[in-house]
1. If we only count strands (runs of 3 or more DSSP E) wholly inside the stretch 154-261, which ones have 2 or more residues that are buried (at least 22 other Cβ atoms within 10 Å of the Cβ)?
2. Could you check the stretch 1-30 and list, in sequence order, the residues that are aromatic (Phe, Trp, Tyr) and touching a helix residue (DSSP H, G or I) at 6+ places or on another chain (Cβ under 7 Å)?
3. State whether the residues of the stretch 129-136 include one that is modelled with pLDDT under 95 and on the phi > 0 side of the Ramachandran plot.
4. Quick check on Gly327: is it outside any helix (DSSP H, G or I) and farther than 22 Å from Gly17 by Cα?
5. Note down all Cβ pairs under 8 Å where the first residue falls in the stretch 308-328 and is more than 16 Å from Ala287 (Cβ to Cβ) and touching a residue at least 12 places away in the same chain (Cβ under 8 Å), the second is assigned to a strand (DSSP E or B) and of a type in the set (Lys, Arg), and they're at least six residues apart or on different chains.
6. How about the stretch 442-471: which of its residues are part of a helix (DSSP H, G or I), without any contact (Cβ under 8 Å) to a residue 40 or more places away in the chain and either closer than 30 Å to Asn266 by Cβ or of a type in the set (Lys, Arg) (or both)?
7. Could you figure out which of (1) more than 28 Å from Gly270 (Cα to Cα); (2) modelled with pLDDT of 95 or more isn't true of Glu342?
8. Take Asp409 and tell me if it is among the charged types (D, E, K, R) and free of Cβ contacts under 8 Å to residues at least 12 places away in the same chain.
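The values are calculated or read from the model by the stated rules, or taken from the named source; none is laboratory data. Please read these numbers as outputs of a predicted model, since none were measured by experiment. All Cβ positions, even for glycine, are placed from backbone atoms using ideal geometry, and neighbour counts span all protein chains on display.
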Amino acid sequence: MEIFHISAECYPMAKVGGLADVVGALPKYQQNAGHQVRVVVPCYDTKFKNENDFECVHWGNIKLGDFDFLFSVLKERTDKLGYELYLIEIKELFDRPNIYGYEDDIERFLSFQIAVLDWIIARKKNPDIINCHDHHTGLIPFIIKYSYKYEILSKIRTVITIHNGLYQGWFGYDKLHYIPEFDLKHVGFLEWNNSLNSLAVAVKCAHAVTTVSPSYLDEINISANGLEALFNMTRGKSKGILNGIDIEVWNPLKDKMLETHYSIENFEIGKQKNKEKLCERFDLDPAKPLFSFIGRLFNEKGGDLLPQASALALSENFENINILILGSGNPDIEKQLLQLREDYKGNYNVFIGYNEELAHLIYAGSDFILMPSRVEPCGLNQMYALRYGTIPIVRRTGGLRDTVIDFGDNGNGICHDQASVGDVCYSINRAVSLYDNKDNFNSIIKKGMSIDHSWERVCQEYIEIYNQIIQKHEN
């Protein structure tokens, strides 16, 4: 079948979070399974765009209310990602340094969606499936069902994959005229809680809804930033599918970003070499257990817990542990984390920002990875950590609950129930004791490294859903 993935992010073209990793990997495995897969994202001004060769395969004009925009569809010439990658170039809207965070984001992503659909019409061949990802593409299922211009696309089956239901793409009725003309009797599909809601539209109009873990599907029926009732109503067409990881990119035996390669057979030596390189860079002691955090410094990820938890853990275990943090986000959290560097020099360090090469080295060189998330729809960091022989310390929520079992229950990690400083510090103390018991410590590492989190399994679950909705709506 022919599958289109429409997304705001795709690694390595454009990445803010886990959305990019999923959209960068799942299509490759679907292509390998014998399907024709195309990924479409906006044409941001990124390193990948500037360093690779693209050709223009279509161009056109978008009308958005009183605004007119020229757009081009650019294709990466070599299919180096394992599938066809297309960029929607709208220079007035996407030729900017950041992916999100602009006052006209609604206009930007609505224009992107319209351009995608205009191009699909121009191809004169409809795909079997359009898999939309998060609210940035959530209006597509509505537009192809109800906008007059796109009636020719109305038989395409659509799926909305929810990576994070907290962000929903709300906008006011003053922008209703941006949506391509439709019969106003259908306006109810656009409305939720007295506003227009892009994610709600997708959930209502798509033929199937997926979340990125089974536990997250359960959680959004209880807590979903106002959409709880809608998720309950649409539970019959919804399924939680646990994300995979790209085991070609995330492979400690071949990862070019590491100091030393290793496998489950020789992880002790390999991890120690990477740890030494990491500790040398950040003035830490490689003889001590290293606790790391990689991610966005926001409350959602438990980032606000890190300054106090780090200070308390270091005060209690100053001679016994190191802590390293890689991330950016809330300026107040960043400031607090930077201030700790002087107080705990030699045992603590922080890198504000994001660096892909450094992230790989941290996964390989750390002993434990901290994930005290309040919300974690799936989480990929814990899977990367397990793959690299680093033990995850997680709060039981979303995909973390599905992938990490406490070692006290014969599992592969360390778990706690509350997003609190006390729970994080208690878990760190448990980890220090575990680290001192090398036989048990190494046994848990081996257990984690042996788990199969590859995309092959996940890929087939998506294909089954595609086939189900095609068959159901043909009958």
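1. Working: elements: 157-162, 195-197, 208-211, 238-240.
The strands (runs of 3 or more DSSP E) meeting that bar are 157-162, 195-197, 208-211.
2. Applying the first criterion (aromatic (Phe, Trp, Tyr)) to the stretch 1-30 yields 4, 11, 29.
If the condition is that a residue be aromatic (Phe, Trp, Tyr) and touching a helix residue (DSSP H, G or I) at 6+ places or on another chain (Cβ under 7 Å), then Tyr11, Tyr29 are the ones that fit.
3. Filtering the stretch 129-136 down to residues modelled with pLDDT under 95 leaves none.
No, there is no match, as no residue in the stretch 129-136 is modelled with pLDDT under 95 and on the phi > 0 side of the Ramachandran plot.
4. Numbers: outside any helix (DSSP H, G or I): yes; farther than 22 Å from Gly17 by Cα: no.
No.
5. Partner pairs satisfying both residue conditions: Gly327/Arg296; Ser328/Arg296.
6. Residues satisfying the conditions are Ser443, Lys447.
7. (2)
8. Numbers: among the charged types (D, E, K, R): yes; free of Cβ contacts under 8 Å to residues at least 12 places away in the same chain: yes.
Here the answer is yes, as Asp409 does meet what is asked.
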